[in-house]
Amino acid sequence: MPTLVLPIKEYLLAGLTSAVITFLLVGPVRVLALKLGAVAWPRGRDVHTTPTPRWGGLAMLGGVLGGIGMAYQLPALRLAFDYSTEMLGVGAAAILLSIVGALDDRYELDALTKFAGQITAAGVLIIAGIQWSAIYVPWGGGSVLSLGPEQGILLTVLLVVALVNAMNFVDGLDGLAAGIGMITAGATGLFALGLVFRVGNDPSAYTPALIAALLAGACIGFLPHNFNPAQIFMGDSGSMLIGLLLAASATSESGKLFFNSSPSGNAGTDTLALFAPLIVLAAVVFIPVLDLLMAVVRRTRKGLSPFSPDKMHLHHRLLEIGHSQRRAVLLIYLWAGVLAFGAVALSLIDDPTIVLVAVGIGLVLAVLASAVPWMRHRDAERKGT
């Protein structure tokens with residue numbers, strides 16, 4: 001069997017292009033945001049205390065589009081464009097949703113208008129061929145459930161809306177959304193590379209890893225400007241872009257394991273591989289989606305709109321127990337990294353026991369690190385009494 005040569009260098013070059021362009025665009029975008037009034041003024045629920053320009057997401061969009069242009073010029077990744085229209089759909093949907101986010105950053109659009117923009121962006125992905133087509137059902141001996149067009153469209157729209165709003169909700173501390181986007185894109189990209197290998201380096205499977213590489217690059221390029229103390233915020237134009245690209249990458253992955261053969265045989269016989277898209281997706285977005293669900297439950301129980309703001313997000317709770325902004329952000333990075341890369345390792349490494357032990361140790365360390373201020377405060381109270 002000939003050795004498979006994955007286009008790793010081309011993925012890295014596309015991601016690096018996205019990172020460099022994003023990094024260079026932040027300065028001009030910051031000046032433009034200040035000039036046109038796209039500024040986050042401190043409010044009661046905010047953590048920042050000084051007016052800070054938004055629209056960092058526009059720089060990230062520029063990086064992603066630049067990375068797409070670079071990928072189109074590369075011999076192997078060019079095949080991703082020749083075999084499907086998925087990347088064109090990703091670019092169009094990213095432009096559309098970033099424009100909606102930029103308008104919201106400046107004029108504070110109502111929730112219904114933003115929701116309509118998210119639905120439209122999901123529709124663009126679907127038209128380009130990015131939609132869920134199958135789900136593995138474990139009971140009854142295990143089977144692959146093929147989704148009809150209506151079911152696939154509905155699931156894709158729900159996923160896009162959920163991830164877009166989850167990333168929007170979690171964007172509350174300097175560097176938080178960009179760092180989570182970087183980590184989750186890295187984990188998703190690693191799994192997608194495993195997918196490319198599994199299907200025998202079939203160019204039709206290049207798209208998910210390319211989307212992840214471009215997103216990771218954009219987040220890396222933006223993070224130096226956004227880490228505490230932030231010089232610019234990504235705003236809704238950035239957080240919604242991250243959610244959209246994560247949804248696009250995961251959705252693009254979803255059917256390729258089910259209907260492509262692998263070097264070792266039919267991928268449909270590998271139960272863990274069939275579960276992997278769902279496992280990885282659940283793990284990489286666990287933190288933002290958990291925060292989103294907790295916020296929805298908390299607000300609806302009070303009779304408020306699920307979109308009404310408050311200061312009870314996970315990052316707010318870490319600040320309340322005594323963590324600094326930087327330490328709270330790094331702790332959430334740790335949680336996201338352990339879960340995301342643990343899920344990817346589970347799908348790629350033959351011995352799951354080793355992976356589960358490593359993930360368990362990582363989670364214990366994350367819990368202990370998160371609880372340090374609370375334990376110190378409790379010990380101080382005991383000594384005081």
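The values are calculated or read from the model by the stated rules, or taken from the named source; none is laboratory data. Source: prediction; values computed, not measured. Quick reminder, even Gly has a Cβ in these numbers, built from the backbone with ideal geometry, and neighbours come from all protein chains shown.
For (1) at pLDDT 90 or above; (2) of a type in the set (Val, Ile, Thr); (3) within 24 Å of residue 81 (Cα to Cα), each residue gets a yes or a no:
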position	(1), (2), (3)
117	yes, no, no
137	no, yes, no
145	no, no, no
189	no, no, yes
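Taking the condition of being among the polar types (S, T, N, Q) and buried (at least 17 other Cβ atoms within 10 Å of the Cβ), how many residues in the range 56-96 meet it? So the count comes out to 1. Scanning the range 90-117 for residues that are over 13 Å from residue 236 (Cα atoms) and touching a residue at least 60 places away in the same chain (Cβ under 8 Å) turns up 90, 93.
Can you name every residue in the range 213-237 that is of a type in the set (Gly, Ala, Ser), at pLDDT below 95 and outside any loop (DSSP other than H, G, I, E, B)?
In the first step, residues of the range 213-237 are kept if they are of a type in the set (Gly, Ala, Ser); the result is 213, 216-218, 221, 230, 235, 237.
Retained after the next criterion (residues that are at pLDDT below 95): 230, 235, 237.
235, 237, listed by residue number.
Here is the figure for the range 197-238: residues that are in contact with a Leu (Cβ under 6 Å, 6 or more places away or on another chain) and among the β-branched types (Val, Ile, Thr) total 1.
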